[in-house]
Amino acid sequence: MTAAAAPHDAGLHAGHDDRPWLRRYVFSTDHKTIGIQFLFLSLTFLLLGGLMAMVIRWQLGFPGTPVPGGSILPDAMAPGGVIRPSFYNALVTMHGTFMIFFAVMPLLTGVFANYLIPLKIGAPDMAFPRLNMWSFWLMIPAGTLALAGFFVEGGSAASGWTAYAPLSNSPLYTGVSAGQILWCVAIIIFGASSLLGSVNYIATVVNLRAPGMTWMRLPLSVWALFITAILALLAVPILAGAIIMLLFDQVLGTHFYLPTGGGQPLLWQHLFWFFGHPEVYILILPAMGIVSDVIANGSRKPIFGYTSMVFAIGGIAGLGFMVWGHHMFVSGMNPTLGTSFMASTMLIAVPTSIKVFNWLGTMWRGNIHFHVPMLNAIGFLSMFVIGGLSGIFMAATPVDMYIHDTYFIVAHIHYVLFGGSLFAAFAGIYYWFPKMFGREMHDGLGRWHFGLTFVFYNLTFFPMHLLGLGGHMRRLYDPTQYPFLAPMQPINVFVSVSAFLLMAAQLPFVWNFFWSLFRGPKAPLNPWRDNSLEWTVPSPPPHGNFVETPTVYRGPYEYSVPGEPEDFLPQDRPAPARQEAH
Amino acid sequence: MHWWIPTNASSYGGDVDRIFYIILYITGFVFLVVEGGLLVFLVRYRRREGRTAAYIHGNNTAEIIWTTIPAVIVVMLALLSQKVWSTVKDPAHFPADAIPIGVHVKQFEWQFTMPGPDGKLGTDDDIFRKNELHLVVGRNYAVQLTSQDVIHSFFIPAFRLKQDVVPGMTIVAWFRPILTGAFDLACAQLCGVGHYRMQATVYVHSAEDFARWQTAQGAPATAAPVATDTTMGSMAMPHSGGTR
């Protein structure tokens, strides 16, 4: 079979692969290659977003002093290495933009949905491999355009990742013109990429499940990625529409969000958060799915309450569309509306606690193996609990009135997106690295990476709760300007130093990743003794994945089945020994 | 070093703090139970030779318990919050005797128009100040918030009050200071390059102090805008506020 003759047709079989180099590694339609491409891209953007955070933390910890090595920055950003307020606002904006749109979202959906869905459901590839390729290649111009903002006149977008109108509408207010337009175009292209991916994930899970892979035998990671794709499909077009209107306001002179022409600034917030809240769940649900797989595997026990786990994912996703107004309690929106959004927001605590207690139930009476992915999954669980509980404070309208737009919110979102999403992403990378590259990562380095990250992560983000309770506003260039914030400066210094150490703690990961990529020992077929279908094929799996379409006989969490010789029972093994006796 | 909620200085701030502490105790308890349980499981069920994990798929009673308990708790919290929220934000519950104050904001300045002795806005004796607001302790105030350019946010940490100021809208917020002193007023919404220095001071006077200050202003509003710190210097400013 040649590449020209539709490499993804129904007759695709694993095995001989004579695609030309360019179609194999660059413009590939193979979901595994695309997943790995997303991995490299999102980790690069993660590093960029992290570096921006370091500069932000320098300014907050040591306001007005030159950033070490900052003298290489142009005068428009940091004359003599001292950050300008305009550059600070740009950094805050782009840190959020890069982390959310170009790092965490592609890291969780781009990487794991692409790589895992076909392998875990027993499919040869995605339903629409060419759309899938487009989904990746659109991310390159999107990220590049967003980054280009730093190098145009006026600098990059500086109105926050939330781009509140009318601040984002006009260069009159920020001094930024081209940068904000580039931001809009970048996010619109990102939206297209995300939609193409989502359509693909949904179609694949619905249509390409192997015989016997019923809905209630799907791994929770696949369930989570599937529901995430539905969320993205419904939410991202709203964002794109809102940004197209913003772009029209900027370049065509319309007044969608400008009150001077009859527009309404709050319209932007309603549209943005109608996307923005589901987006938070787009960033956390895949993490929950990955962690569910890893915790069951590490505990050598079936997942506790599989059915309620599935319904909890659906419940979180459904409620996610009814809570956007909790970002707007003090926005000037009708206070009665605030009350209804408080009620719906509080309800999210219910499916969320179902998940947390079920993970604990999974570990209860288990035989817990502390492998590196499991450590990161435990990190996820313990940190996500903090992020979830701190969310209750801001769901309560009167308390939110005080802590809204303070560092309490910054602490909360980082407990969810770093403590939650990123620990899960690390768990996923450590877990499926052997599958992706056929080599094992170094165990000791992985443990050091987890331990140091866990400690410095908490030292960085926990004190932010205290700053927020002291009233410390977010997106603030120089807190020492305020008499009531100046006494809290030692906390800011402590947070900044911890943040630098947190960044340094990623070095073992980077070294481990690249060293293992080339020098790691060859991975056995099923290093974690897992039940899921991807561990029945060689690592890395051949083009087309399965030589023969597998048949599925049971769910993915049959660990420690009584009477079995081993403590795991793969999904495609015909019948357990004890049933053969029947 | 101060690292906790500043001393409350408004009539409803105590209620806000009470809800905060209720949530803190409940979440603190849940935190200890969950993280404690996690730790116990990690130690007790760690891998050991000869151990086999229990083959359990779930337990419906347990699922019902940990669905119901959080639901009851959050409904209770929502009801508690609702009462305070409507006191603070619902225009139907605003005190009728509140003294109006005009707050007009632009990048990066607060402009306050305070009524003169006649207690009304829009008359000749209005007092105009940039970045400083003068109030009498124990009186109700209704600030009418308008913005000239972008969204700003009217935030007085000691009053526990935050309200965005949106161009094209006039939003009213009320409060009653209960402590005298000087308190910080900050812009809490990113509003541009000078956002970080968009601050003002709220001076809460005793009735006598305020009368002295008001008399010292004398001239009508139109003449006042430039006068700022000079008049303040001669005044005995109480600094009993808890924010410093």
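Worth a mention:
- When all alpha carbon pairs of region B:13-92 are counted in 10 Å bins from zero, the resulting P(r) reads 13, 29, 27, 16, 9, 4, 1 %.
- Expressed to the nearest 5 percent, the antiparallel share of DSSP beta bridges inside the protein assembly as shown is 70 percent.
- Computed 3J(HN,Hα) for region A:426-431, one whole-Hz value per residue from the Karplus formula 6.51 cos²θ - 1.76 cosθ + 1.60 where θ = phi - 60°, is 5, 4, x, 5, 4, 6, glycine and proline marked x.
- Other-chain or far-sequence residues with amide H under 5 Å of A:T406's (modelled H): A:R474
- Only the Cβ atoms of Lys and Arg (+1) and of Asp and Glu (-1) were treated as charged; on that basis the dipole of region B:39-94 about its Cα centre amounts to roughly 380 debye.
- Counting only residues at least eight positions apart within a chain, or on another chain, the lysines with an alpha carbon under 29 Å from that of B:K162 are B:K83, B:K89, B:K106, B:K120, B:K130.
- Relative to its residue count, region B:94-233 spans a Cα convex hull of 109 Å³ per residue.
- For chain B, the calculated P(r), taken from all Cα-Cα distances in 10 Å bins from zero up to the bin holding the longest distance, is 6, 24, 28, 16, 10, 8, 5, 2, 1, 0 percent.
- Under 30 Å from the Cα of A:K301 - lysines, other chains or at least 8 residues apart: A:K32, A:K120, A:K355, A:K435, A:K522
- Within a Gaussian network of chain B (alpha carbon springs, distance under 10 Å), most fluctuating of B:Y12, B:Y55, B:Y203: B:Y55
- Report summary: the helix-based calculation at 222 nm, which adds -39500 (n - 2.57) for every DSSP H run with n ≥ 4 and divides by the residues of chain A, gives -19000 deg cm²/dmol.
- Signed unit charges on C-beta, dipole axis of region B:13-92, positive-most listed residue B:T87, B:G36, B:I56: B:I56
- Whole-Hz Karplus values for region B:188-194 come out as 9, 10, 3, 10, x, 4, x Hz, taken residue by residue from phi with 6.51 cos²θ - 1.76 cosθ + 1.60 and θ = phi - 60°; glycine and proline positions read x.
- Positive-end residue, region A:413-523 charge dipole about Cα centroid, Cβ charges, pick of A:V495, A:F437, A:S516: A:F437
- Backbone N under 17 Å from the A:L267 label point (7 Å along Cα→Cβ), restricted to region B:155-177: B:166-169
- Of all the options B:A207, B:A53, B:A92, the one that moves most in a Gaussian network model of chain B with Cα springs shorter than 10 angstrom is B:A53.
- Amide N proximity, region B:1-24 versus B:A207 label position 7 Å along Cα-to-Cβ, cut-off under 20 Å: B:10-11
- Counting Lys and Arg as +1 and Asp and Glu as -1 over every other residue whose Cβ lies under 10 Å from the Cβ of A:S299, the net charge comes to +4.
- If you take all other residues with their beta carbon under 14 Å from the beta carbon of B:V165, and give Lys and Arg +1 and Asp and Glu -1, the sum is -2.
- Among beta bridges identified by DSSP and lying wholly in region B:94-233, the antiparallel ones come to about 70 percent.
- Extension gain (nm, one decimal) between B:R18 and B:D118, 0.36 nm per residue minus Cα-Cα: 32.3 nm
- Estimated dipole of region B:94-233 in Debye, rounded to 20 [Cβ of Lys and Arg +1, of Asp and Glu -1, Cα centre]: 320
- Distant-in-sequence amide contacts of B:W110, defined by a placed amide H-H separation under 5 Å and a gap of 5 or more residues or a different chain, comprise B:N131.
- Only helical runs count toward this figure. For chain B, summing -39,500 (n - 2.57) over DSSP H runs of n ≥ 4 and dividing by all residues gives -11000 deg cm²/dmol at 222 nm.
- Estimated vicinal HN-Hα couplings, Hz - region A:557-569 in sequence order (Karplus 6.51, -1.76, 1.60; Gly, Pro = x): 10, 7, 9, 6, 5, x, x, 7, x, 10, 8, 9, 9
- Computed over all pairs of different Cα atoms, the Kirkwood value for the hydrodynamic radius of region A:475-582 is 19.3 Å.
- In the protein assembly as shown, taking the dipole from charged Cβ atoms about the Cα centre, the farthest positive-side position among A:T254, A:A146, B:Y203 is held by A:A146.
- Gaussian network model of chain B, springs between alpha carbon atoms under 10 Å - residue of B:E109, B:E132, B:E63 with greatest fluctuation: B:E63
- Net charge of Cβ neighbours under 10 Å - reference A:L218; Lys, Arg +1; Asp, Glu -1: +3
- Evaluated over the protein assembly as shown, the Cα radius of gyration and Dmax, each in Å: 28.4, 102
- Take the Cβ atoms of A:L459 and B:T215, set R0 to 56 Å, and the FRET efficiency comes out at 0.55.
- Taking amide H as placed 1.01 Å from N in the peptide plane, the amide H of A:I368 sits under 5 Å from that of B:R46, B:R47, each at least 5 places away or on another chain.
- Remark: chain A carries a charge dipole of roughly 480 debye about the Cα centre, counting +1 on each Lys and Arg Cβ and -1 on each Asp and Glu Cβ.
Every number here is computed from the coordinates shown, using simple stated rules; none is lab data. Not measured: the values here are computed from a predicted model. Quick reminder, even Gly has a Cβ in these numbers, built from the backbone with ideal geometry, and neighbours come from all protein chains shown.
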